[in-house]
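Reviewing the structure listed below.
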Amino acid sequence: MNKLLCLLLLVPVLATAAPPLGERLYATCSACHGTNGKPVGNALPKLAGQRKEALIASMRAFRDGTRPATIMHQISKGYPDQYVEQMAAWLAMQKP
């Protein structure tokens, strides 16, 4: 196949960027917290649009056991600070 034709066929693939790391990490949270941080109903708070610092503080408090929770104590232990910061930054950019 012509090299130029091969390159032209690859351009759309190369131009497609992977979702941000924060978005990819958050995907595991969406079952409970909803797509883009907007859960269905009022059982859980909306995470979308919250301040990054507040989200980070909440996750650290869950992980440390200083904030009451049912399951977040266990889940939060699986995320190092760098992942928490990436998810918080992504959630903070979402429309509330």
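Can you pull out every residue in the stretch 64-96 that is open to solvent by 70 Å² or more (accessible area, probe 1.4 Å) and among the aromatic types (Phe, Trp, Tyr)?
83, the sole residue that qualifies.
Only one residue in 13, 40 is open to solvent by 70 Å² or more (accessible area, probe 1.4 Å), in contact with a Gly (Cβ under 8 Å, 6 or more places away or on another chain), of a type outside the set (Ser, Thr, Tyr) and at pLDDT below 95. Which one? Steps first, answer last, please.
Values: 13 fails: in contact with a Gly (Cβ under 8 Å, 6 or more places away or on another chain).
On inspection, the qualifying residue turns out to be 40.
Restricting to the stretch 52-75, and then to whatever is in contact with a Phe, Trp or Tyr (Cβ under 6 Å, 6 or more places away or on another chain) and part of a helix (DSSP H, G or I), can you tell me which residue is nearest to residue 87 (Cα to Cα)? So that I can check it myself, show each step before the final result.
Filtering the stretch 52-75 for residues in contact with a Phe, Trp or Tyr (Cβ under 6 Å, 6 or more places away or on another chain) gives 69, 72-73.
Those left that are additionally part of a helix (DSSP H, G or I): 72-73.
Working: 72: 15, 73: 17 Å.
Here the residue is 72.
Just to be sure before I move on: is residue 56 more than 16 Å from residue 35 (Cβ to Cβ), open to solvent by 70 Å² or more (accessible area, probe 1.4 Å) and hydrophobic (A, V, I, L, M, F, W, C) in the structure I sent?
Details: more than 16 Å from residue 35 (Cβ to Cβ): yes; open to solvent by 70 Å² or more (accessible area, probe 1.4 Å): no; hydrophobic (A, V, I, L, M, F, W, C): yes.
Answer is no for this residue.
Go through the stretch 26-45 and give me each residue that's within 19 Å of residue 83 (Cα to Cα) and out of contact with any Leu (no Cβ under 9 Å at 6 or more places or on another chain). Steps first, please.
So in the stretch 26-45, the residues within 19 Å of residue 83 (Cα to Cα) come out as 26-37.
27, 28, 30, 31, 35 - these are the residues of the stretch 26-45 that are within 19 Å of residue 83 (Cα to Cα) and out of contact with any Leu (no Cβ under 9 Å at 6 or more places or on another chain).
The values are calculated or read from the model by the stated rules, or taken from the named source; none is laboratory data. As the structure is a prediction and not an experimental result, all values here were calculated from the model. Note that each Cβ is placed from the backbone with ideal geometry, even for glycine, and that neighbours are counted across all protein chains shown. For accessibility, only protein heavy atoms count, side chains too; no ligands or nucleic acids. Shrake-Rupley method; radii C 1.70, N 1.55, O 1.52, S 1.80 Å.
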